[in-house]
1. Which length gain, in nm to one decimal place, applies between residue C:401 and residue C:505 when the Cα-Cα distance is subtracted from 0.36 nm times their residue separation?
2. What is the sum of charges, Lys and Arg at +1 and Asp and Glu at -1, for the other residues whose Cβ falls under 15 Å from the Cβ of residue A:93?
3. For residue C:177 and residue B:314, FRET efficiency with R0 = 60 Å and r from the beta-carbon atoms, rounded to 0.05?
4. Suppose each label sits 7 Å from its Cα in the direction of the beta carbon; what would the residue C:391-residue B:302 distance come out to in nanometres?
5. Please quote Rg/Rh for the protein assembly as shown to two decimal places, taking the Kirkwood radius as Rh and restricting both calculations to Cα atoms.
6. In square nanometres, what is one fourth of the surface area of the convex hull spanned by the alpha carbons of region B:20-149?
7. Let me know the whole percent of all Cα-Cα pairs from region B:152-279 that are separated by more than 19 Å.
8. Do any of B:211/B:298; B:152/B:252; B:216/B:327; B:56/B:252; B:162/B:249 go past 28 Å between their Cα atoms, and which?
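What follows is calculated from the coordinates using simple rules that are stated; it is not laboratory data. Owing to the predicted nature of the structure, the values given are computational and were not obtained by experimental measurement. Here the Cβ positions follow ideal geometry from the backbone for every residue, glycine too, while neighbour counts run over all protein chains shown.
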Amino acid sequence: MTLPHVGVILHAEVSSSITAAAAAANEVETGGLLLGWWEAGNIVARYAIEVADPDATTSSWTRDEERAQQALEGALFDLSHPWLGYIGDWHTHPARCGPSNQDEDSIRQASRGYEQPLLLLVHRADDQIEARVAHQGYIRTLTLHQFLAN
Amino acid sequence: MMATLATQFREALSAIEPGDDAKHAQDAHKQVSKVLEADEKLRKLGVAPLLIGSYKRHVSIRRVKDVDVFARLTEADSSLRPGAILDHVTEVLDKAFPGCVERQHRSVKVDFPDYDLSVDVVIARPCGDHWEIPQKIEADGRASWVETNPTKMTELTTEANKQFLLYDDDEDSGVYVPVVKLVRQVRRTWVDDQRGGYYFEVLTYHAFQDKQLNEKTIAAYLTLVLRWIADTLPELVDDGPADPTLPDKTIKTKATVDQIKAAADRFAEAAELAEEALAEEDSCRAAVMWRNLLGVTKNTEQSEYVFPLPDYCNADGTTKYSSTLMKGAPAVPAGRGRYA
Amino acid sequence: MSSSGGWEAHRLRDQLVARGFADDGVHLRGPLPWVHPALGGGVARVEIELDERFPFAPPKVRVLDPGQPLEMTFHIDRPARPGTWGNLCLWADDWPADQAPWVDPDELLARVAGWLEQTAAGWPDDDICDLERYLEPDCATLVLYDAEKLAQLAGVAVRTEVGPTPVAVIVTNATRHVKAAFGRRRLGRKDRRLAWVDDLGEVHRPVRGWQDIEEALGERAGVLARYITLGVVDLLLLRYQRGLQRSVLALTVRRVAGGIHVRSCESADTSTRTRRLRAGAAASELADVKIAIVGCGAVGSFAAAELFRSGVRHLTLIDHERLRPGNVVRHLAGATQVGSWKSEAVRSCLADIDADVAAVRARVAMVATVTEAIGLLRNHHIVLDATGSARASSLLAFSASKMGTGSGRVVISACVQREGDIVRVDRLPPRGGETYLPPLPIVEDDDRLQEGGCGDPVSRTPPGAVIAAAGLACLVVIDEATGACTLPASLVDVRGVQPEPPYTRLGLVLSQPSPEKRVVA
């Protein structure tokens, strides 16, 4: 079986909202959902929304189904864009490091529930954003394209 | 706003194009003509075979099962006995196509099993400006003759297709011919697929002339024509529609009054479905209605839907987000996902 | 059963039908109101085609009838059929499909109306130099010319030369007076394949054929037409101006029955200025910096190429070995150079990048004594040590510290360690209180690779690490050469995690900057 390569199209709004959330969260991790759609072999990340985790620490953030689903539905209603839906997760690392093994395990696990690949974005302390793509339980290679806001 | 689905209609039209049948029909016609023209006796009668019928008018649809050849006997006079001539034609053709020729009531049928189609040879004699074909042949070979003008319908079809244009500035954008084909397909689907397509072709002709249709899409033309036929057919049960090729004549059909009434009911249903489809704003729901209206191809090895659904539609008329673009998921993953 | 046209396409079709367009499933044709700046409102008739690229690319739009007198000039493709107009160029930028303005019927129609208004107004303020697109393309010719050298020529025929590849033609600035050759029945070889250089000045409509050239050149066109008819000239190089932009249109011309057939070709300016456009911002600063590269093996060869591409022109390349077939995998030079001295092989590669290699010297030598090392430092601003040999590196380091920071001379030492897991660059001598990152002990490898015989052992470093080391070294060299001095004394790129701190994480590790630098920051 060949492992398909996935393109990731990141709108500027996604990076800027994640960076802003990271700054606001200070030394604690925060995270949330990526909203977008799948388009011709690409994952398009259009918006990032924050989902609060009251138990977040300096080294962990957890996506809770109930809170996350509520946040997703609220955002889909507010944004009222016909193509939007859940396409992955994001969270911040107060340290200067990219996705951990735990991070990859979690997105791989989540990806088993979807036909299309999921995207994980990790914001590092140096304002870099690293990406992983998981599809049906496997990490896939990816190419990142950034769109500037118009 | 209506879902007009013009690209789908274009594909539907190409799905009912005769395709290979066209080549086969051409070839079968040629073979039969050659045999007739080679016969001494027929040559003396001035035989001049002519392709007529829906195939000639470019309004035939897949599958073309029969092709009509009009065997004009230009030198024939009133002494001609059609029974004897048909016997002779049968004999001549049987020599050339052994076992494939059948003498019919008013014509001779030649089967082309390889092509899965047959050629019907009708003999005709001149009568002033017109032609006559035998109406009823008695046992002694004598017959009463009836006036006919099969080439006139070809001319009228060409004219109508130039008169009714999708784009006023484009002579090649005729809508009459495509709409006739779609009406024939609707008839095959909703009434039956026996002979009788000509009857509805003539009705379509009248619908265009009566309403002087001028629409933006094939969907709209088809809907209005179906409505006109549905409304008019009950009035024609007894006499049939006027024959556009001969003044003061009407088109006769072998169908019984009950059959025509039943056909009228079916066309009323079809027209209603078309109107509903045309008014539908959701293009997938509209596409499924058009698909039901136009049914499947007839007499093909595999019957295929004539009207293709757009890629982004499910068969039940719901919309799937197309293969190139898929909406993000409506739900987050179950349970908890911990990131460290 | 598949079907053309996605949901977006069907939606737009329906919306256009609602705006009076008729649709045959391929083309939509309908009315388009627009305002002529001089003649006022009118209605054009346009044809819109949504092909399989929609909505990722805009629909194709053609004008069937502008509805008012209008000369179509710019921003329109060549027509597919004579007697029609080509597709309008409505949007130059790419848009993500969900934001593309062309999926909205009103934006689409407004854009077309705007196009018609702009065309009627003569495209004021438009300076796009794309005259090639309006002519049939000649894809088999690439015309090379030096804009600086041709700047003064107009209305003359010049000689051409065969370029580096069969499709390339070089237009020289050697003018040729053909007049003497007229009268004669046969043309000499020197009077063939000439290019005509001329200036169209400011253009207000595209060149769509010979008539347009004739009109623009005035009386000079007569001579040119004769040259073309005689087979003397088969190439035109026409300067032109749109707004403030200047450009050149290259055309191949030939005589055909009833006239002159004109096709456009790709062309490129070979002047130094244009060739250096992509060298980076520091190129002009680097042109006068003298740099020596000691060791023209894997790291040295790629570093030489990168520095040369960045604008460095004074280079001394030093190496005492020949290029072996096994080297090629991790070397700038290819198999055709096997057997050459590595320093000379690198120089010849640089000459392929740009012919300006007069100040690039290749030496077949070793730097074995302090005297030689100091001599090298005296004659160069920067010595890049790419030997990968501890002995040579310490010799250069010793010489640099002996000369002291006051000399302004620096040695930049680049190496790859731990089979490519560690890429390291150090700058010597230290400035102020600069410190270095701790060295990594050499890990003994039991089964070292060796080519047949008893040469040096072959390292297992992958080519990627070599190129990374060359890249990191050049970063430091350029930082130093431009006087930016923003980088610390040691940079280590950890490409594979090591047990020894601070190399336990992937990524770049930097040494502490000098104390005074920290105060300033």
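1. 34.3 nm
2. -4
3. My answer for the efficiency is 0.20.
4. 7.7 nm
5. Reported Rg/Rh (Cα atoms, Kirkwood Rh): 1.10.
6. 7.6 nm²
7. 46 percent
8. In this structure, B:211/B:298; B:216/B:327 exceed 28 Å between Cα atoms.
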